[in-house]
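This report concerns only the one structure given below.
All of the numbers you see were taken from the coordinates with simple rules; none came from a lab. Keep in mind that what you see is a predicted model, and the values were worked out from it rather than measured. Cβ sites come from the backbone with ideal geometry, for glycine too, and all protein chains shown count toward neighbours.
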């Protein structure tokens, strides 16, 4: 009897479970339509705005990157060995040709100058005496009071004195030039960009103390792939962009180095740019190299609908709308390139923003 009761309970539970599944499936719903018996619904394309997909010829460019450099960079150095007394400029200062930049200790040079002047005075006195002696002997020779040999010796003494006077004058001139080296002036107009010494340092010949550049002669020096360098020529106008100051400008090719880097297979191209505020040597620059025009299949970007990483468009065909997945490429302002999923001449629906 107990076994029969357990079987009744088991079968009753199974019946309830089956009934629940049938109810969830809709078996007890009247007028139930079987799956897949409804006709496929297609959206009617009534008055929806569309645009015709068409090929458009676009200018194509290649980009080369480089650095801003000055066409004229000057290293200021001392011509003598001396201690620096003062430096009158700092990096960033603008100077004119002839402005005093650096003052060196000139005490030794002034002492040598005085010695040279003293030697000049002595040589001048010796020369004056030699001239008077020669003149006196010349008068005595006319009266035959002295011999010709004695007169010739006076003439030689005068010439020697004259040579020594000229030598002393050259030494004074040299001392003046050396003294002038104690004041270092700007050789050209420009802007100071680097300072390599401070007051108290020892300046030596050939060792740079300052570096200047001409801000009116800046250019972009870019490494251009050797395949593209043949498209460029001297005097050609190129678009230049300086990212640091967010500026675009027109530059002119003024030099193409006739040698390629074997490691990067590139050629250095130098493009002059106009003077602009805030642009300095060492900044990053880009140049755009024009290529042959290319045709692209283009539609407005407003026609693209994005779902996750997928992109879709709606095409009006036979007065009906059809959704397609597409693959896109480049973008220009409000347009976008279609790489696949659309052909020329098809009508693409432009999505409209809902009214607020």
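Points worth noting:
- The gain in end-to-end length when the residue 75 to residue 350 segment is fully stretched comes to 92.7 nm, 0.36 nm per residue minus the alpha carbon separation.
- Crossing angle, helix 2-25 versus the chain [Cα axis fit, 0-90 degrees, rounded to tens]: 60 degrees
- Going from the residue with the fewest nearby Cβ atoms within 10 Å to the one with the most, 192, 224 rank 192, 224.
- A protection proxy built from the mean count of other Cβ atoms within 10 Å ranks the segments 291-298, 144-151, 69-76, most packed first, as 69-76, 291-298, 144-151.
- The stretch between residue 143 and residue 317, if pulled fully straight at 0.36 nm per residue, gains 49.1 nm over its current Cα-Cα span.
- Approximating the spin labels as points 7 Å out from Cα along Cα→Cβ, the residue 260-to-residue 277 distance works out to 4.4 nm.
- Label-point separation in nm, residue 196 to residue 180, each point 7 Å along Cα→Cβ: 2.4 nm
- For the chain, the Kirkwood estimate of hydrodynamic radius, built from reciprocal distances between every pair of different alpha carbons, is 31.3 Å.
- Sorting 228, 81 from the fewest to the most surrounding beta carbons within 10 angstrom yields 81, 228.
- Spin-label pair residue 167-residue 62: with each label point 7 Å from Cα along the Cα-Cβ axis, the two points sit 6.9 nm from one another.
- With the helix formula -39500 (n - 2.57) applied to DSSP H stretches of n ≥ 4, the chain reaches a computed 222 nm mean residue ellipticity of -9500 deg cm²/dmol.
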